[in-house]
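The values are calculated or read from the model by the stated rules, or taken from the named source; none is laboratory data. Everything numeric here is computed off the predicted structure, so don't read it as measured data. Virtual Cβ from ideal backbone geometry, glycine too; neighbours counted across all protein chains shown. Areas reflect the complete protein model, heavy atoms only, side chains present, ligands, DNA and RNA absent. Shrake-Rupley method; radii C 1.70, N 1.55, O 1.52, S 1.80 Å.
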Amino acid sequence: MARQAAVENPHLSVVVLVYNEVDSVEPLHRELMGVLETLGTSFEVVYIDDGSSDGSTERLSALASRDGRVRVVSFRRNFGQTAAVQAGIDHSRGAVLVFLDGDMQNDPHDIPHLLEKIDEGYDVVSGWRRDRHDAPSRVIPSRIANWVIARVTGVRLSDFGCTLKAYRREVIEGMKLYGEMHRFIPVYSAVVGARITEIPVNHRPRTYGRSKYSLSRTSRVALDLITVKLLGSYSTKPMYFFGFTAFAVWAVALVLANVVIAQKVLPPYVYAHDNPLLLLSVVLFIVGMQCILMGLLAELSIRTYHESQQKPTYVVREVIERSSPHQRGVTDGRQAVRAR
């Protein structure tokens with residue numbers, strides 16, 4: 001087969017996450033290329049090999065050797081899905097990125113539908129596995145997690161865990177992902193003002209290999225959700241979070257102190273040193289003070305973070321302005337010189 005030339009700056013990058021999927025690599029690639037070649041746009045396919053040990057790496061290498069539009073990024077060991085997604089962002093070149101799993105449960109024929117929504121002006125298009133073909137032990141915890149994430153973050157998606165998503169590069173390029181935070185990319189995108197939508201996608205039964213999912217992910221996702229919520233809502237004003245917490249704790253401490261006083265002066269005249277509510281009130285007051293001090297430390301850290309790296313506290317979508325007559329004349333003159 002003739003080797004296809006690589007495109008230096010393709011419009012579309014399809015990032016496929018692979019971990020021990022030796023049997024599905026070639027059929028997925030054939031199906032994927034058949035879909036992409038009908039799109040009428042430049043593209044590349046970037047396979048992220050997450051430390052496979054079953055021969056997937058060799059089969060991916062063979063695909064890359066035959067087609068210049070295919071690239072393989074192979075990890076030294078298994079670093080996890082979040083690291084694979086981060087590598088896909090770092091090593092792809094397209095203006096639009098589409099992610100999908102290498103187990104063939106995501107349908108490549110849904111990619112044109114995702115791109116249609118991107119063309120409508122959306123920045124993030126999330127796949128929704130409405131008819132999901134997985135065991136109930138996976139589906140039920142996933143639905144609960146999706147419901148909790150949507151309510152906590154305010155991003156109303158039905159399926160945060162579906163890998164099949166499309167992004168404009170400019171909304172995700174500067175992200176740094178850790179832990180299990182790949183599923184929270186739409187949340188990070190919402191923080192910078194991205195336009196987000198979701199569409200139902202085909203989810204196919206697994207025919208090759210076995211699932212790498214385990215219930216141990218649930219606790220990690222819960223902890224990452226707390227991190228995402230704090231970073232998303234209070235990344236530039238951490239004192240608000242710690243300060244409001246301190247005020248709430250102090251309010252409870254004040255109520256308990258008044259109860260102690262009331263029990264002292266009213267029957268049955270409970271002595272303060274025998275009243276456990278007094279100790280609880282003092283402890284809560286100290287906790288409130290610690291929250292204020294933690295807020296001050298967090299403010300110092302955040303300001304050091306932004307100012308030392310010259311990171312802005314805002315994100316600009318575009319700048320719209322009307323050119324002055326002088327500027328238009330200069331521009332027209334340059335165009336005239338080029339025309340000669």
Single residue of 90, 131 found to be in contact with a His (Cβ under 7 Å, 6 or more places away or on another chain) and among the charged types (D, E, K, R) = 131
Failed item in (1) in contact (Cβ under 8 Å) with a residue 60 or more places away in the chain; (2) open to solvent by 30 Å² or more (accessible area, probe 1.4 Å), with residue 123 passing the rest = (2)
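So, in the stretch 65-78, how many residues would count as being within 28 Å of the chain's Cα centre (by Cα) and either closer than 24 Å to residue 171 by Cα or open to solvent by less than 50 Å² (accessible area, probe 1.4 Å) (or both)? Quick ask: steps written out before the conclusion?
Our first condition is that a residue be within 28 Å of the chain's Cα centre (by Cα); within the stretch 65-78, this holds for 69-78.
The next check asks that each one be either closer than 24 Å to residue 171 by Cα or open to solvent by less than 50 Å² (accessible area, probe 1.4 Å) (or both); those that pass are 69-73, 75.
Of the residues in the stretch 65-78, 6 are within 28 Å of the chain's Cα centre (by Cα) and either closer than 24 Å to residue 171 by Cα or open to solvent by less than 50 Å² (accessible area, probe 1.4 Å) (or both).
Just to be sure before I move on: is residue 261 open to solvent by 60 Å² or more (accessible area, probe 1.4 Å), at pLDDT below 95 and β-branched (Val, Ile, Thr) in the structure I sent?
Details: open to solvent by 60 Å² or more (accessible area, probe 1.4 Å): yes; at pLDDT below 95: yes; β-branched (Val, Ile, Thr): yes.
So residue 261 passes the test.
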Members of the stretch 153-178 that are within 20 Å of residue 234 (Cα to Cα), more than 11 Å from the chain's Cα centre (by Cα) and crowded, with 16+ Cβ neighbours inside 10 Å | 153, 155
Which residue out of 192, 187 is among the β-branched types (Val, Ile, Thr) and in contact with a Gly (Cβ under 7 Å, 6 or more places away or on another chain)?
-> 187
Out of all the residues in the stretch 25-59, which are over 17 Å from residue 94 (Cα atoms), among the small types (Gly, Ala, Ser) and over 26 Å from the mean Cα position of the chain (by Cα)?
-> 34, 53, 55, 56
Spot the failing condition for residue 249; the list is (1) closer than 30 Å to residue 282 by Cα; (2) assigned to a strand (DSSP E or B), and only one is missed.
-> (2)
Give just the number: which of (1) over 22 Å from residue 296 (Cβ atoms); (2) of a type in the set (A, V, I, L, M, F, W, C); (3) without any contact (Cβ under 8 Å) to a residue 40 or more places away in the chain does residue 230 not satisfy?
-> (1)
Report, ordered by the first and then the second residue, all pairs with beta carbons closer than 7 Å, sequence separation of six or more or different chains, a first member in the stretch 270-281 that is in contact (Cβ under 8 Å) with a residue 24 or more places away in the chain and within 12 Å of residue 258 (Cα to Cα), and a second member that is of a type in the set (Val, Ile, Thr) and in a helix (DSSP H, G or I).
-> 281/260
Which is in contact with a strand residue (DSSP E or B) (Cβ under 9 Å, 6 or more places away or on another chain) and under 23 Å from residue 24 (Cβ atoms), of 129, 183, 195, 156?
-> 129
Read through the list (1) in contact with a strand residue (DSSP E or B) (Cβ under 6 Å, 6 or more places away or on another chain); (2) part of a helix (DSSP H, G or I); (3) open to solvent by 10 Å² or more (accessible area, probe 1.4 Å), then give the number of the only condition that residue 84 fails.
-> (3)
Just checking, how many residues over the stretch 72-125 are among the polar types (S, T, N, Q) and under 21 Å from residue 34 (Cβ atoms)?
-> 3
